[in-house]
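Beneath this line is the structure, given in C-alpha coordinates, with notes to follow.
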(Lines give C-alpha, C1' and ligand atoms only; values in the text may rest on other atoms or scores of the structure.)
Protein backbone atom coordinates (compact mmCIF):
# COMPACT_ATOMS: atom_id res chain seq x y z
CA UNK A 1 0.00 0.00 0.00
CA UNK A 2 1.51 3.31 -1.01
CA UNK A 3 0.07 6.16 1.00
CA UNK A 4 2.15 9.29 1.19
CA UNK A 5 1.48 11.58 4.11
CA UNK A 6 0.76 15.19 3.19
CA UNK A 7 3.24 17.85 4.18
CA UNK A 8 2.25 20.36 6.87
CA UNK A 9 1.06 23.06 4.45
CA UNK A 10 -1.33 20.69 2.66
CA UNK A 11 -2.70 19.34 5.96
CA UNK A 12 -3.44 22.87 7.16
CA UNK A 13 -5.24 23.65 3.92
CA UNK A 14 -7.43 20.55 4.24
CA UNK A 15 -8.21 21.35 7.85
CA UNK A 16 -9.16 24.90 6.84
CA UNK A 17 -11.59 23.49 4.28
CA UNK A 18 -13.21 21.31 6.91
CA UNK A 19 -13.50 24.15 9.41
CA UNK A 20 -14.93 26.57 6.82
CA UNK A 21 -17.58 24.08 5.75
CA UNK A 22 -18.26 22.97 9.34
CA UNK A 23 -17.68 19.33 8.40
CA UNK A 24 -16.37 16.71 10.76
CA UNK A 25 -13.05 15.31 9.59
CA UNK A 26 -14.44 11.76 9.66
CA UNK A 27 -17.29 12.77 7.30
CA UNK A 28 -14.95 14.09 4.61
CA UNK A 29 -13.42 12.06 1.78
CA UNK A 30 -10.01 13.06 0.50
CA UNK A 31 -8.93 12.30 -3.07
CA UNK A 32 -5.55 10.62 -2.84
CA UNK A 33 -3.31 10.00 -5.83
CA UNK A 34 -0.87 7.86 -3.87
CA UNK A 35 -3.12 5.29 -2.18
CA UNK A 36 -3.99 2.21 -4.17
CA UNK A 37 -7.39 1.50 -2.56
CA UNK A 38 -10.38 3.44 -1.30
CA UNK A 39 -10.38 3.35 2.53
CA UNK A 40 -12.97 4.20 5.17
CA UNK A 41 -12.96 4.03 8.96
CA UNK A 42 -16.73 4.15 9.51
CA UNK A 43 -18.32 0.68 9.48
CA UNK A 44 -21.86 2.14 9.44
CA UNK A 45 -21.32 3.54 5.95
CA UNK A 46 -20.90 0.08 4.39
CA UNK A 47 -24.03 -1.52 3.00
CA UNK A 48 -22.16 -4.57 1.76
CA UNK A 49 -19.12 -5.56 3.84
CA UNK A 50 -17.12 -8.79 3.61
CA UNK A 51 -15.57 -9.00 7.08
CA UNK A 52 -13.70 -12.18 6.14
CA UNK A 53 -11.37 -10.05 3.99
CA UNK A 54 -8.27 -9.26 6.08
CA UNK A 55 -5.09 -7.55 5.05
CA UNK A 56 -2.67 -4.97 6.39
CA UNK A 57 -1.81 -1.66 4.76
CA UNK A 58 1.31 0.42 5.22
CA UNK A 59 0.93 4.18 5.39
CA UNK A 60 3.47 6.78 4.33
CA UNK A 61 4.82 7.09 7.88
CA UNK A 62 5.49 3.29 7.88
CA UNK A 63 2.58 2.71 10.28
CA UNK A 64 0.68 -0.51 9.54
CA UNK A 65 -3.09 -0.80 9.97
CA UNK A 66 -5.33 -3.83 9.65
CA UNK A 67 -8.03 -3.97 7.00
CA UNK A 68 -11.02 -5.59 8.69
CA UNK A 69 -13.16 -6.00 5.59
CA UNK A 70 -13.88 -4.83 2.07
CA UNK A 71 -17.18 -3.66 0.66
CA UNK A 72 -19.32 -0.96 -0.89
CA UNK A 73 -20.23 2.50 0.41
CA UNK A 74 -22.99 4.84 -0.74
CA UNK A 75 -22.11 8.51 -1.07
CA UNK A 76 -24.74 11.19 -1.58
CA UNK A 77 -23.34 13.90 -3.85
CA UNK A 78 -25.47 16.79 -5.11
CA UNK A 79 -28.68 14.83 -4.50
CA UNK A 80 -27.46 11.70 -6.30
CA UNK A 81 -26.44 8.38 -4.81
CA UNK A 82 -23.01 7.18 -5.88
CA UNK A 83 -21.78 3.69 -4.99
CA UNK A 84 -18.07 3.36 -4.27
CA UNK A 85 -16.97 -0.26 -4.62
CA UNK A 86 -14.02 -2.20 -3.22
CA UNK A 87 -13.56 0.06 -0.19
CA UNK A 88 -11.27 -1.17 2.58
CA UNK A 89 -12.70 -0.94 6.10
CA UNK A 90 -9.94 0.21 8.47
CA UNK A 91 -11.41 1.04 11.91
CA UNK A 92 -8.34 3.01 13.04
CA UNK A 93 -8.30 5.25 9.95
CA UNK A 94 -8.93 8.94 10.71
CA UNK A 95 -9.35 10.17 7.12
CA UNK A 96 -11.54 8.56 4.47
CA UNK A 97 -9.62 8.20 1.21
CA UNK A 98 -10.76 7.90 -2.38
CA UNK A 99 -8.04 6.41 -4.56
CA UNK A 100 -7.63 8.38 -7.78
CA UNK A 101 -6.13 5.26 -9.36
CA UNK A 102 -9.19 3.18 -8.50
CA UNK A 103 -11.49 5.90 -9.88
CA UNK A 104 -9.53 5.93 -13.13
CA UNK A 105 -9.78 2.12 -13.36
CA UNK A 106 -13.57 2.66 -13.54
CA UNK A 107 -13.01 5.00 -16.53
CA UNK A 108 -13.89 8.08 -14.53
CA UNK A 109 -12.28 11.33 -15.68
CA UNK A 110 -10.74 13.58 -13.05
CA UNK A 111 -10.36 17.26 -13.86
CA UNK A 112 -8.52 19.66 -11.57
CA UNK A 113 -8.92 23.19 -12.87
CA UNK A 114 -9.51 26.69 -11.51
CA UNK A 115 -9.25 25.56 -7.89
CA UNK A 116 -11.85 22.81 -8.27
CA UNK A 117 -11.73 19.06 -8.71
CA UNK A 118 -14.48 17.40 -10.73
CA UNK A 119 -14.99 13.71 -11.37
CA UNK A 120 -16.95 12.68 -14.44
CA UNK A 121 -18.62 9.35 -15.20
CA UNK A 122 -18.48 8.48 -18.93
CA UNK A 123 -22.26 7.93 -19.14
CA UNK A 124 -23.74 9.82 -16.19
CA UNK A 125 -21.60 12.94 -16.34
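The values are calculated or read from the model by the stated rules, or taken from the named source; none is laboratory data. Only a predicted model underlies this, so the values are computations on that prediction, with no experimental measurement involved. Cβ: placed from backbone, ideal geometry, glycine included. Neighbour counts: every protein chain shown.
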Handout entry: One residue from 59, 80, 108 being more than 16 Å from residue 44 (Cα to Cα) and at pLDDT 85 or above
Key = 108
Problem - Set 41, 69: member being at positive phi and surrounded by 15 or more Cβ atoms within 10 Å (Cβ to Cβ) - result: 69
Exercise for the section: Kindly indicate the residue of the range 60-90 that is more than 14 Å from the chain's Cα centre (by Cα) and assigned to a loop (DSSP other than H, G, I, E, B) and also farthest from residue 36 (Cα to Cα) among those meeting that condition. Expected result: 79
